[in-house]
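Asks: Below is the structure I would like to discuss, written out as structure tokens.
Please treat every number below as a calculation from the coordinates, not as lab data. Here the structure is a predicted model, which is why all the values come from computation and not from measurement. Backbone-built Cβ (ideal geometry, glycine too); neighbour counts: all protein chains shown.
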Amino acid sequence: MAVVLIPLPARDFDPTEVAVSWKVLVDSGHAVRFATPDGTPADADDRMVTGEGLDPWGWIPGLRRLVVFGRVLRADAAGRTAFAQLTGAPEFTAPTPWDAIDLDTVDGLLLPGGHRARGMRTYLESPILQAVVADAFQRGMPVAAICHGVLLAARSVDPGTGRSVLHGRRTTSLTWRQERLATAIGRIVRFWEPSYYRTYPDPRGQADGYMSVQSEVTRALARPEDFVDVDPDNRDAHIKNDGRHRDRPRNPRPAHVVVDGNYISARWPGDAHTFARRFAALLAQQGAQTPPQKPGALP
């Protein structure tokens with residue numbers, strides 16, 4: 001059995017990416033621990049759970065619970081079921097504070113995502129978490145990152161090289177195609193908060209998508225081609241890219257997951273089952289091995 005640490009922001013994490021990953025890992029025989037900024041339970045982005053507020057009338061109190069578009073945009077049934085189970089799990093309700101994280105007590109690190117700026121920026125910009133991620137890569141610890149979690153990894157700098165821990169790695173993340181589509185939809189269904197699906201707006205004078213997850217992650221890599229998108233010749237490319245199909249426990253076809261040694265990455269909640277299952281398998285493969293010794297303390 002491996003012990004996996006999942007750090008979370010105080011609020012606005014994606015419920016599917018966290019809950020499905022937790023459930024797959026636990027069902028595979030692994031243990032999961034959580035960490036939050038101050039050691040209190042994290043709050044998910046409730047719009048992704050209920051769908052409320054994801055319709056053009058969602059800003060009107062009396063009509064908020066009339067969910068139409070929100071039924072499509074929110075987490076699917078599997079994600080919502082896993083999230084309901086997660087909220088009652090003792091490990092979720094008693095997280096560790098970020099500044100008390102001790103990688104000597106865990107065997108793997110999983111970085112989930114979320115897009116809403118108000119909660120996710122503190123997670124993505126945390127020097128504490130960036131140092132933890134860099135330490136995990138230095139140790140050779142299995143690391144998995146999905147969606148904006150890949151951006152946290154990209155921003156984590158190896159103190160020995162001064163480069164991102166993803167420099168020299170192959171990875172995927174939330175793609176600009178996905179982020180652009182979600183932003184276009186958000187400008188309609190949530191017109192009073194048009195940036196809801198963009199964590200970071202593009203600076204004036206920069207190209208469209210300059211601050212997208214894919215663009216920033218790619219800038220951290222050794223080569224642009226190390227960002228691995230869906231192969232257009234893949235027979236399932238259309239269901240992997242259309243934004244409507246999500247993977248299931250027994251149907252990985254819509255998923256796109258990239259494995260590079262002991263690092264695994266994925267794009268969005270629609271990849272979560274396959275992403276977590278592959279990470280669980282990696283942890284099981286390394287379970288009989290002695291964890292690598294810490295090579296040196298981070299500054």
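Asks: Take Ala82 and tell me if it is under 22 Å from Arg278 (Cα atoms), part of a helix (DSSP H, G or I), in contact (Cβ under 8 Å) with a residue 60 or more places away in the chain and hydrophobic (A, V, I, L, M, F, W, C).
Replies: So Ala82 passes the test.
Yes/no matrix, rows are residues, columns are (1) in contact with a Gly (Cβ under 8 Å, 6 or more places away or on another chain); (2) in a loop (DSSP other than H, G, I, E, B); (3) on the phi < 0 side of the Ramachandran plot; (4) in contact (Cβ under 8 Å) with a residue 12 or more places away in the chain:
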site	(1), (2), (3), (4)
Gln178	yes, no, yes, yes
Arg187	no, no, yes, no
Asp202	yes, yes, yes, no
Gly205	no, yes, no, no
Thr218	no, no, yes, no
Arg235	no, yes, yes, no
Arg246	yes, yes, yes, yes
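Asks: Report whether or not Leu109 is in contact (Cβ under 8 Å) with a residue 60 or more places away in the chain and in a strand (DSSP E or B).
Replies: When the stated conditions are applied, Leu109 passes them.
Asks: Let me ask something additional. If you check Phe137, Phe92, which single one turns out to be in contact with a Ser or Thr (Cβ under 9 Å, 6 or more places away or on another chain) and either assigned to a helix (DSSP H, G or I) or of a type in the set (Phe, Trp, Tyr) (or both)?
Replies: Phe137
Asks: Let me ask another. Return the residues of region 148-175 that are surrounded by fewer than 19 Cβ atoms within 10 Å (Cβ to Cβ) and under 22 Å from Val259 (Cβ atoms); say none if nothing qualifies.
Replies: Within region 148-175, Asp158, Arg163, His167, Gly168, Arg170 meet the criteria.
Asks: Report yes if Arg190 is farther than 16 Å from Asp260 by Cα and charged (D, E, K, R), otherwise no.
Replies: Against the criterion (farther than 16 Å from Asp260 by Cα and charged (D, E, K, R)), Arg190 qualifies.
Asks: Follow-up question, since we're still on this one. Go through region 69-92 and count every residue that is of a type in the set (A, V, I, L, M, F, W, C), surrounded by fewer than 16 Cβ atoms within 10 Å (Cβ to Cβ) and more than 19 Å from Val32 (Cβ to Cβ).
Replies: Number satisfying all stated conditions: 2.
Asks: Next up: Return the residues of region 51-61 that are surrounded by fewer than 17 Cβ atoms within 10 Å (Cβ to Cβ) and touching a residue at least 24 places away in the same chain (Cβ under 8 Å); say none if nothing qualifies.
Replies: Residues satisfying the conditions are Pro56, Trp59.
Asks: Are any residues in region 1-49 crowded, with 17+ Cβ neighbours inside 10 Å and of a type in the set (Val, Ile, Thr), and if so, which ones?
Replies: Within region 1-49, Val4, Ile6, Thr16, Val18, Val20, Val24, Val26, Val32, Thr36, Val49 qualify.
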